[in-house]
1. Would you point out which residue out of Arg656, Arg641 is farther than 20 Å from Phe550 by Cα and at pLDDT 90 or above?
2. Give the residues of region 610-655 that are open to solvent by 20 Å² or more (accessible area, probe 1.4 Å) and touching a residue at least 60 places away in the same chain (Cβ under 8 Å), sorted by residue number.
3. Would you tally the residues in region 181-204 being surrounded by fewer than 20 Cβ atoms within 10 Å (Cβ to Cβ) and not small (Gly, Ala, Ser)?
4. Applying the selection to region 133-149, what residues are more than 14 Å from the ligand (Cβ to nearest atom) and either within 19 Å of Asp310 (Cβ to Cβ) or buried (at least 21 other Cβ atoms within 10 Å of the Cβ) (or both)?
5. What number goes with the only condition from (1) in a helix (DSSP H, G or I); (2) within 16 Å of the ligand (Cβ to nearest atom); (3) open to solvent by less than 30 Å² (accessible area, probe 1.4 Å); (4) charged (D, E, K, R) that Glu110 does not pass?
6. Within region 68-94, which residues are open to solvent by 20 Å² or more (accessible area, probe 1.4 Å), touching a strand residue (DSSP E or B) at 6+ places or on another chain (Cβ under 7 Å) and farther than 25 Å from Val306 by Cβ?
7. With respect to Asp39, is the statement that it is open to solvent by 20 Å² or more (accessible area, probe 1.4 Å) and free of Cβ contacts under 8 Å to residues at least 24 places away in the same chain true?
8. Would you confirm whether any residue within region 323-337 is among the charged types (D, E, K, R) and under 25 Å from the mean Cα position of the chain (by Cα)?
Amino acid sequence: MKSGWVDRDAEAIVAEGAKVGVDRDLSLRVYTTRLLGRDPKLVLHSGGNTSLKTRMRDLFGEEVDVLRVKSTGADMANIEASGLPAVRLLPMRKLRTLDAIEDDELVSIERANLIDPAAPNPSVEMMLHTFLPHKFIDHTHATAILSVIDQPHGKKLCEEIFGGRLAFVPYLRPGFGLAKKAVAVFETMPACEGLILSKHGIVTFGDNAREAYDRMIGLVSLAEEFIARDRKSLAVRALAKAPERAADKPAMMAARIAPIVRGACSEKHDTIEGAWRRLVIEFRASDPVLNFVNRGDLERISKAGVITPDHTIRTKNWPLVLTSPTPDRLADFAGQARERSHAFTKHYRQYFARNNQRVGGKVIALDPLPRVALVPGLGLFGLGRSKADAIIAADIAEAWVEGVTNADAIGTFESISEADMFDCEYWPLEQAKLGKRKELPFAGQIAAITGGAGAIGAATAKAFAAAGAEVALLDLDRAAAREEANAVGGHALAVTCDVTDAGSVSAAFDKIAEHFGGVDIVVSNAGAAWQGRIGEVDEEILEKSFALNFYGHQRVAQAAVRIMCAQGTGGCLLFNISKQAVNPGPNFGPYGIPKAAALALMRQYALDYGADGIRANAVNADRIRSGLLTPDMIASRSKARGLGEKDYMSGNLLGREVTAEDVAQAFLNHALALKTTADVTTVDGGNIAAAMR
Ligand SMILES: [Zn+2]
C-alpha cells in the first residue's frame, strides 16, 4: 500500500484553508481524512473516521479544548472542515467514570457540547477518539487488517506481524463500552502506535496528521505483505465445461439472469394488493469474485458473517447463494432462485425473532430481503432500494470477498457472533447512518422511457426519477439521451434504441436489465407524425408510420413483458397514443391509423397479461410543444386559424395550455394506480370530440 501524501497537495489545502480561517492542523486533518477515504482498501462508504484535538473559540469567544471528529455517515473522501464538528473535550472526557450510558443520552450530551449547535451528529465512534489522548487519530476498516484479525487466532497473528506496535482490543460493539475498553488497553501499552479493534479494524495515532497517516499506511502494508507471503492457494471448484460456463459472456448472461434474481429477491407488500417491495441490482464479475463464487465450500463460507460490523447495515450478515445457471435451463434456475430466496427471508425472520427476544422485543424488523446474491459461474449482485444502495452493497460485497479469501488463505475466516451482528445491525446509531430517508413511491422500481430525449420523454423521465424510480432514457439520438439523462441526475441511464429495429430494442432492454436488474414501468413514447389524404397517400408513407407508431410500441412492449415475466412481479406498460387514435384529423390518417392500432395494442396487452399482474394503459394527449409540434408549426397553424399562438395553444375547454409535464404526470398517475388497466387518460385541456366513449 502506497502513501498518498504529496507535500504540494498538503500545502495547497493549508493555503486554501488559511483564506477562510481554517488553521494548519485542521486543514491537514481534512487532507489525510480525504486520502484515507479515497482508498477503498482502507475505507468504504462512510466507514472509518478521524479526529483532531485542538483549541478554538466558542460562541462566547472563550478558547476551549475541542475534539473535531468526523460526523456520522459523512464521506471521508470528500470531507470539508465542516464535516468534522467540534465538541467540548473536557466535559465529554468526564463520562469515562460512568459504567455505561444509554445511546440516546450519550447523543444528547454530545449535542449539548457541540460548539456549533447546528452541526451534524459526531461519529458513532466519537467516544473512542475522546478518551484516547492523542492529537491525531485515524480509524479504518482496512481489508488486509480484517483478513488478519478475522481469525480464531487473530491476536497471535497481530503479535507476529506488528510486534508490539499495536495494542489488541478484544471485540466489543462500537460505542461507549468499546471506547472505555480501548483506552484501558492503550494505558497498558502507552508506547504503542495504535490499536487493533478485534474483528473490526485498526486505529493509529500521531502528534501530527502525517504521523498518524503514515502509521496507518505502514501498518496496513505489513498486513498486506504478510498475506502475500503466507498465503496458501485455495482449491477452486472446476468450472462447468466451456460452452456451459455462464461467465463466458458475463454481461449477456447477467442481462438474462438479473431479472430472475431481482424477481426472486422481491416480496409482496403486506397490505397493498398488487404492490411489491423491489430492489435494484448492481452486477460484478471480477476474477476474484468469480474465483470466490466458484469455491466448493461457498455454502459454508456464505454463512460465516461480515468482515467488520458496520457492513451489516448495507449487506445484511449473509449473502444469498444461488445455483449455477445454464442458458437453456433458466426456468430451473428461476425455480431454485425463488426457493433459496424464500429460505433466506425465512431464516432472516427467525434470526430477527430470536435476537429481538434476547434484547427484550424492543426493535422493529428491517425488510428480510437479501442485499447480496452470489451466482456460481456468473458473479455477484449487489441489491438495494436504489441503484446507489445497490452499488454500495456490491462494493462492500467485493471487499468481503477479498477479506474472506485472504483470511482463508492465511488461516480460517471467523466473524463476530450472530448476537454481535444483530446488535450492530439494529443499533439505533448504526441505523441513523442510513438517515431518516422517507421512501418515495417508486423506490426500488425501474422505468424505461422511449423517445427519452424528446420533450415528453425527458419530462416523464424527470417525473419518475423525482418519485424515486431509476430511469433509462431510450432514444435514437444517444448524445441527446445522454444530455437528458445528465439533467435527470442520479444514476439515470442513456441507451441508444431504434424502436423500428427489433434487434436494437432487444439489445436496449438487455442493457437495462444488466444495468439495473430489470424493468417495471415502460413508457412507450417514441413517435413521429406523417400526413397525407388517405385515398392518395403513398403506401410507403403508411408503412413507415406503422413501423414506428404501431410496431415500435409492439416491439418495446414485447421486450418489456419478456423481462417482467422473468421477474414475476407484474409491471406497467404505458403508451403515448395521440388524440388522433380516437379523434382523427383531416389528412392525418397516416399518423392516426397506426395510433388507433396502438390503442388496440394496449388493450390486447391488458387482456393477455392481466393474469401476470402487468397493467397496460395509454395517455391521449394533444397539442404539446415538442418535436411533433415545433414552434414553426405552431406559428403557421395559429396564423391559419386567425389566432395568436397563446390562444391556439390553449384552445380547449379549460383554456389552458397543456405541457409535457402534464403528460408526464398522467403517466405517473397510471403507474401508481394499481387497480387500473386498459384505460386511456386524456390530457388535452378538454376536447369533447377526442373524449373517450
Ligand atoms: Zn469502525
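The values are calculated or read from the model by the stated rules, or taken from the named source; none is laboratory data. Quantities reported herein were computed from a predicted structural model and do not represent experimental measurements. Cβ: placed from backbone, ideal geometry, glycine included. Neighbour counts: every protein chain shown. Please note that ligands, DNA and RNA were not included when accessible areas were found on the heavy atoms of the full protein model with its side chains. Shrake-Rupley method; radii C 1.70, N 1.55, O 1.52, S 1.80 Å.
1. Working: Arg641 fails: at pLDDT 90 or above.
After ruling out the rest, the residue left standing is Arg656.
2. Hits for region 610-655 are Gly610, Gly613, Arg615, Asp622, Arg623, Arg625, Ser626, Gly627, Leu628.
3. Taking region 181-204 and keeping what is surrounded by fewer than 20 Cβ atoms within 10 Å (Cβ to Cβ), we get 181, 183-185, 187-192, 198.
Next, only the ones that are not small (Gly, Ala, Ser) stay: 181, 183, 185, 187-190, 192.
The number of residues fulfilling the criteria is 8.
4. Pass one, region 133-149, residues more than 14 Å from the ligand (Cβ to nearest atom): 133-136, 144, 147-148.
Answer for region 133-149, where residues must be more than 14 Å from the ligand (Cβ to nearest atom) and either within 19 Å of Asp310 (Cβ to Cβ) or buried (at least 21 other Cβ atoms within 10 Å of the Cβ) (or both): Phe136, Ala144, Ser147, Val148.
5. (2)
6. Arg68, Arg88, Leu90, listed by residue number.
7. Working: open to solvent by 20 Å² or more (accessible area, probe 1.4 Å): yes; free of Cβ contacts under 8 Å to residues at least 24 places away in the same chain: no.
No: the conditions fail for Asp39.
8. Within region 323-337, the first condition is being among the charged types (D, E, K, R), and the residues that meet it are 328-329, 332.
Subset that is under 25 Å from the mean Cα position of the chain (by Cα): none.
No, region 323-337 contains no residue that is among the charged types (D, E, K, R) and under 25 Å from the mean Cα position of the chain (by Cα).
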